[in-house]
Amino acid sequence: MADPWQEAMDHAVEVARKAGKIIRDALQNEVKIMCKSSSVDLVTKTDQRVEKLIIESVKGRFPKHSFIGEESVAAGQPCILTDNPTWIVDPVDGTTNFVHGFPFVAVSIGFAVNKELEFGVVYSCLEDKMYTGRKGKGAFCDGEKLSVSDQTDIRKTIIISELGSHRDPETVSKVFSTMQKILCIPVHGIRGSGTAATNMCLVASGAVEAFFEIGIHCWDVAAGAVIVQEAGGVLLDVDGGPFDLMSRRMVSANNKTIADRIIKEIEIFPAERDDVPAKK
Amino acid sequence: MTSMESDKCWAECMDVAVEIARKAGQMVQEAVKQEKRVSSKSTPTDLVTEADQQVEELIISTLRERYPTHRFIGEESSAAGEKCVLTDSPTWIIDPIDGTCNFVHSFPMVAVSIGFAVMKELEFGVIYHCFDGTLYTARKGHGAFCNGVRLQVSKEKDVSRALILTEIGAKRDPATLNIFLENMKKLLSAPAHGVRIIGSSTLALCHIASGAAEAYYQYGLHCWDIAAAAVIIREAGGCVIDTSGGPLDLMSRRVVAAGSREMADYVVRQLQPISYERDDHQPIVQS
């Protein structure tokens, strides 16, 4: 039976590449930074331009589909996932990296139908690496099949832990406390690329065993979620429950053993859900 | 040797360094696909593999044949008991696989680093990114380059617009980790744009040279991690100093590097020190 979403996925790959080129070209020029929720939550014209490109391109081809995009939501669009085929887009994941020219910047395009994630495309545009995952059909990077690490010994793992854009002392304290507990297990090391989508691809490729974060948005992880799972990995909430796309928090890991061990150390702090209605 | 003759000689040495770095990089690329035999050195997280040893052997034997009077400081030779002392002689300072932990995990940030000093002055540096083939080079007085494109540091002086890089180091006892995390927290809360750990000090230092990040600091790295990158950063317009704010001490196991002196000084002021045994420590002789 033909895949009903193959065409959509092919389109996602095509538009992700186009978007990636815009991002690379934009790096040649000086980047004007604006701030969103705080002085470290950055956005640029490129974020907005790329999201516009993706949405218009998809609307042209699939006029009945819905969108959740980082910049559209920032501009006041609701962030509600319905049963309708929905594109969940982060036009520039790793805006801070982009602003600095630090090499991890990704275009992240997830796709859900009946609230189920169907495929994910993450284009790491400075590395020119195209990651894809289609439910039931595996995950790939530039055509090569991806497989998570088979490590079950927590002391031989690399864990990705991002510091995020929280700077209030209480949250920062919890983030660092978690990091300390994990380092003391001990693990081989802790890393952070600065982009959630890329981090999830690193889990999927087996380069690291786990990535967790509180504070991510649905558009940061929708694509990566499919890629990790199709590479054989697991996704959970930071409290050990099932992964909730709108909850602003996530653990992705090569297997449940590692995920559970990490979850034991995570100090949870609150983060407002993505699907909270905007206050009028 | 006249200064013109030595200049020509070091230029030739650098060309040889580039050639051998590429060959070594290829060896690393092959080795990363094979099963790895991993052991540990000073702590359970201070990893070493057969590939580290083989790659260093390749580099040193090739260079020794070409330059029999030169001296060598290599990570694995030092681990095997060779003295790690810098003399006035032309000396090659080599990290065959920087980012061994990354290498073991096939995490794509691994480099070959070849530095060169004469009269205890760093003359040139070559760093080769084994996974994507990026080549960073610099010769004193002749600029720094990445794949032939001139490198320029970020001149940002304001930490609230800075991306900062660091590495953890081999010591993982709770007291050390406490200080390590406090240092990181202090800088993050400046508030800096971010603090990142990529697992390879030489590649992270190259990001300072390219302007992709504003500052790097670390306790626990070795002379072979700093030697090449120091030249590359300085030739790209940046500064490389001691964590106390004084001049770089290559054997001290610590460094601050930044695009601007103001940024370096700011970072220095935030840091609490973590002590590691010097690279040039003299082993205690039992009588």
- Item | Per-selection Rg to Rh, segment B:134-205 - Cα, Kirkwood hydrodynamic radius | 1.07
- Note on the structure: Descending accessible area (1.4 Å probe), largest on the left, turns B:VAL231, A:VAL13, B:VAL149 into B:VAL149, A:VAL13, B:VAL231
- Query: Mind checking the mean number of beta-carbon atoms from other chains within 10 Å of the Cβ atoms in A:158-169?
  - Reply: 3
- Message: At a threshold of 8 angstrom on Cα-Cα distance, excluding pairs fewer than six apart, so keeping six or more, what relative contact order does segment A:5-96 reach in percent?
- Response: 28 percent
- Query: By per-residue mean of other Cβ atoms within 10 Å, what is the highest-first order of A:174-185, B:206-217?
  - Reply: B:206-217, A:174-185
- Item | Under DSSP loop assignment and at most 14 Cβ neighbours within 10 Å, longest GluC sites (Glu not before Pro)-free interval of chain A | A:31-271
- Where nothing but the Cβ of Lys and Arg (+1) and of Asp and Glu (-1) is charged, how large is the charge dipole of chain B around its Cα centre, in debye to the nearest 20? 620 debye
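Out of the total accessible area of segment B:159-270 (probe 1.4 Å, heavy atoms of protein only), what percent is carbon and sulfur?
48 percent
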- Item | Total lysine pairs under 21 Å (Cα atoms) in segment B:16-172, excluding pairs fewer than 8 apart on one chain | 7
- So the compactness index of segment B:185-255, its C-alpha Rg divided by 2.2 N^0.38 Å, takes the value 1.06
- Query: How large is Rg/Rh for segment A:6-145, to two decimals, with Cα atoms and a Kirkwood Rh?
  - Reply: 0.96
- Task: Tabulate in residue order the Karplus-calculated ³J(HN,Hα) for segment A:122-133, using 6.51 cos²θ - 1.76 cosθ + 1.60 with θ = phi - 60°, rounded to whole Hz; enter x for Gly and Pro.
- Result: 10, 9, 7, 6, 7, 8, 6, 10, 9, 9, 9, x
- Summed residue charge, Cβ within 12 Å of B:ILE197's Cβ, Lys/Arg positive, Asp/Glu negative: 0
- Message: If each DSSP helix of 4+ residues adds -39,500 (n - 2.57) and the sum is divided by the residues in chain A, what number results at 222 nm, nearest 500 deg cm²/dmol?
- Response: -10500 deg cm²/dmol
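What accessible area per residue comes out for segment B:159-270, rounded to a whole number of Å², with a 1.4 Å probe? It would help to have the intermediate numbers written out before the result.
Working: 2640 Å² over 112 residues.
Per residue, segment B:159-270 has 24 Å² of solvent-accessible surface.
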- Message: Charges at C-beta only: +1 for Lys and Arg, -1 for Asp and Glu. How large is the resulting dipole of segment A:6-145 about its Cα centre, in Debye rounded to 20?
- Response: 220 debye
- Message: I want to check the label-to-label distance for B:VAL85 and B:ASP265. Put each point 7 Å from Cα in the C-beta direction and report it in nm to one decimal.
- Response: 3.7 nm
- Item | Alpha carbon Rg of segment A:154-263, scaled by the compact-globule rule 2.2 N^0.38 Å | 0.96
- Message: Modelling each spin label as a point 7 Å along the Cα-to-Cβ direction, I'd like the A:LYS18/A:GLU144 distance in nm, to one decimal.
- Response: 2.9 nm
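Against the 2.2 N^0.38 Å scaling, with N counting residues, where does segment B:1-133 land? I'd like the Cα-based Rg ratio to two decimal places. If you can, show how the numbers build up before the last one.
Values: Rg = 15.1 Å, N = 133, 2.2 N^0.38 = 14.1 Å.
Cα Rg divided by the expected 2.2 N^0.38 Å: 1.07.
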- Evaluate peptide A:183-194: per residue, the Cβ atoms of other protein chains within 10 Å of its Cβ; return the mean as an integer. 6
- Residue by residue through segment A:219-233, the couplings from Karplus 6.51 cos²θ - 1.76 cosθ + 1.60 with θ = phi - 60°, in Hz, x for Gly and Pro, are 6, 6, 10, 4, 6, x, 4, 5, 4, 5, 5, 6, 8, x, x
- Given A:THR157, A:SER124, B:MET14, which one lies farthest toward the positive end of the charge dipole of the protein assembly as shown, if we put +1 on the Cβ of every Lys and Arg and -1 on the Cβ of every Asp and Glu? A:SER124
- Query: Which whole number gives the average, over all residues in B:185-198, of C-beta atoms from other chains lying within 10 Å of the residue C-beta?
  - Reply: 6
- Considering Cα pairs under 8 angstrom that are at least six residues apart, work out the relative contact order of segment B:3-150 and quote it in whole percent. 20 percent
- Quick one: compute the contact order of chain A, relative version, from alpha carbon pairs under 8 angstrom and 6+ residues apart, as a percent. 17 percent
- Message: Within segment A:19-144, count lysine pairs with alpha carbon atoms under 20 angstrom apart where the residues are 8 or more positions apart or belong to different chains.
- Response: 14
- Message: Suppose we compare each residue of segment B:101-128 in its chain alone and in the full protein complex with a 1.4 Å probe; which ones drop by at least 50 Å² of accessible area?
- Response: B:HIS105, B:PHE107
- Using the Kyte-Doolittle scale, which helices in chain B average at least -0.5 and also have C-alpha atoms spread 15 Å or more along the helix axis, with helices defined as whole DSSP H runs? B:3-33, B:174-188, B:223-235
- Per q in 0.10, 0.12, 0.13 1/Å, what log10 I(q)/I(0) does a Debye calculation on the alpha-carbon atoms of the protein assembly as shown return? -0.81, -1.15, -1.33
- With only alpha-carbon atoms counted, please give the Rg and Dmax of chain B, in Å. 17.9, 56
- Message: For the interface of chains A and B, what total accessible area is buried with a 1.4 Å probe, rounded to the nearest 100 Å²?
- Response: 3100 Å²
- Grab the DSSP H runs of chain B that are 4 residues or longer, score each as -39,500 (n - 2.57), total them, divide by all residues and round the 222 nm result to the nearest 500 deg cm²/dmol. -12000 deg cm²/dmol
- chain A, accessible surface, carbon-and-sulfur percent (1.4 angstrom probe): 50 percent
- Can you list which of the trypsin sites (Lys or Arg not before Pro) found in segment A:24-113 are DSSP loop residues with at most 10 other C-beta atoms within 10 Å? A:LYS32, A:LYS64
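The values are calculated or read from the model by the stated rules, or taken from the named source; none is laboratory data. Since this is a predicted model, take the numbers as computed values, not measurements. Glycine also receives a Cβ, built like all others from the backbone with ideal geometry; neighbour counts cover every protein chain displayed. The accessibility values were calculated without ligands, DNA or RNA, using every heavy atom of the protein model including side chains. Shrake-Rupley method; radii C 1.70, N 1.55, O 1.52, S 1.80 Å.
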